[in-house]
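Working notes, structure below.
The values are calculated or read from the model by the stated rules, or taken from the named source; none is laboratory data. Note that the coordinates shown come from a computational prediction; the quantities given were computed from them, not determined experimentally. With ideal geometry, Cβ positions are generated from the backbone for all residues, glycine too; neighbour counts draw on all protein chains shown. Heavy atoms of the whole protein, side chains included, go into the accessibility calculation; ligands, DNA and RNA do not. Shrake-Rupley method; radii C 1.70, N 1.55, O 1.52, S 1.80 Å.
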Amino acid sequence: MSDEPTTAAADSDGTGSEGPASGAPDIVRPSRRTVLGVGAVSAVALLGTGALAGPRPARLGAPTGDQDLASELADHLTGQRTVACALIDGDDVRFAGFGADEHREFEVGSATKTFTAALVMDAVRRGELDLEASVQDVLGASAKGSAIADVTVRELANHTSGIPSLPGPVLAKNLWRTPLHRDPYAGVSAPEVVDLAVDASPVGRGSVAYSNHGVALEGQLVAHAAGASWPDLLAERVLTPMDLAATRAPITASRLGAQSPTGFTRTGHRSAAWTMDGFAPAGGVRSTAADMVAWVRSMMDGSNPGADGVRPTAQQDESTSVGVNWFTTALAGGGSAVWHNGETGGFHSFCGFSPEAERGWVLLSDTADSGTDDLAFRILGSEVAA
């Protein structure tokens, strides 16, 4: 669902993926270890189902939009199918796609966390929430005495809370869901997300350890503080005022719509849509390249409520730090990338920008394969002209 940064040279996700191409800059490469969050637990079940009965080859869709940009990108998109992307260069925006235009809907996965960041920083501005507020400060007596009672909103947002990425009951439920490519978060309501977190035992608190559950709790806390549900709050305070009409968080499959696109696993098998229910603040948004460009540009010009939360408050490693849900990575050629990516069962996304180069990049794919992230950092670092 969401991608934990690791160094480019490390192949720590256990998927057997190839490292960066020769000559690629020394940047972080997201691991799929926490993308789905249930891979290790379901490995035995996968062997017994035949659900992954051999890879199905990908075929990149026909180019659309800016043909020069599409031509420059095509060789970098092996293993992809339907892709929409956009390059922001100063005041200019160039869209290109493969089987899609800038208005085609994709699941953005953990890029959703940047929308939750905007809600949190907006609530801080309104005086409804404080980054140093604890779980007990927000929830009151229901969190008193729990192991996470004094965990702060800031710790949830920079992944230092120690809350495991997925709670045990959700992991157990997915012994059958993951092999069948179903939504592993379905049926866990917002109150259950909170209750499971209150029952959690933090591990390694104070160190950055990517946690989908931690950010899901963060989203439910800001909703609680504002007296609204997370999807209603998202629509009211972010999507509507920023005119992001093509962006939505359906929350449940029943609200998805029959024509909503679904995607493919890395091996080419169809995946069900992920709407994520109570975990949606960590990964339940659907959007388009056009809306995501507007989102990134609002971060670049400072008009996004979440722009105030970019300043790093925790260090992942020597090159990558974390603020309120956004990662900042030092680029090999100088400057930095402020970014987030995301992955669900059938989609992968990246959105980010380099403040120094005044460059932004959005890529949405209907294939759950993080191989396009190296390209993103190379574009933001001007290593790839695009």
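So the values come out like this:
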{"item": "Apportionment of accessible area to carbon and sulfur, segment 261-323, percent (1.4 Å)", "result": "45"}
{"item": "Contact order normalised by residue count of the chain, Cα under 8 Å, 6+ apart, percent", "result": "24"}
{"item": "Summed side-chain charge close to residue 143 - residues other than residue 143 whose Cβ falls under 13 Å, Lys, Arg +1, Asp, Glu -1", "result": "-3"}
{"item": "Segment 186-233 versus segment 95-159: alpha-carbon centroid distance in Å", "result": "8"}
{"item": "Mean accessible surface per residue for the chain, computed with a 1.4 Å probe while every protein chain stays in place, in Å²", "result": "37"}
{"item": "Cα-centre dipole for the chain with unit charges at Cβ (Lys and Arg positive, Asp and Glu negative), debye to 20", "result": "1140"}
{"item": "Gyration tensor (alpha-carbon) shape descriptor, segment 131-247, a/c threshold 1.5", "result": "oblate"}
{"item": "Quotient of Cα Rg and 2.2 N^0.38 Å for segment 169-237, N being how many residues it contains", "result": "1.27"}
{"item": "Kirkwood hydrodynamic radius over Cα pairs of segment 178-280, then Stokes diffusion coefficient at 10 °C and 1.306 mPa s, in µm²/s", "result": "103"}
{"item": "Rounded percent of accessible protein surface that carbon and sulfur make up, segment 90-187, 1.4 Å probe", "result": "51"}
{"item": "Kyte-Doolittle mean at least -1.0 and Cα axial length at least 30 Å: DSSP H helices in the chain", "result": "none"}
{"item": "Protein-only accessible surface order, largest first, of 68, 183 at 1.4 Å", "result": "68, 183"}
{"item": "Rg/Rh (Cα only; Kirkwood hydrodynamic radius) as it applies to the chain", "result": "0.94"}
{"item": "Burial ranking of peptide ranges 232-241, 283-292 (average Cβ count within 10 Å, highest at the top)", "result": "283-292, 232-241"}
{"item": "Computed helical MRE - 222 nm, the chain, DSSP H runs ≥ 4 contributing -39500 (n - 2.57), nearest 500", "result": "-7000 deg cm²/dmol"}
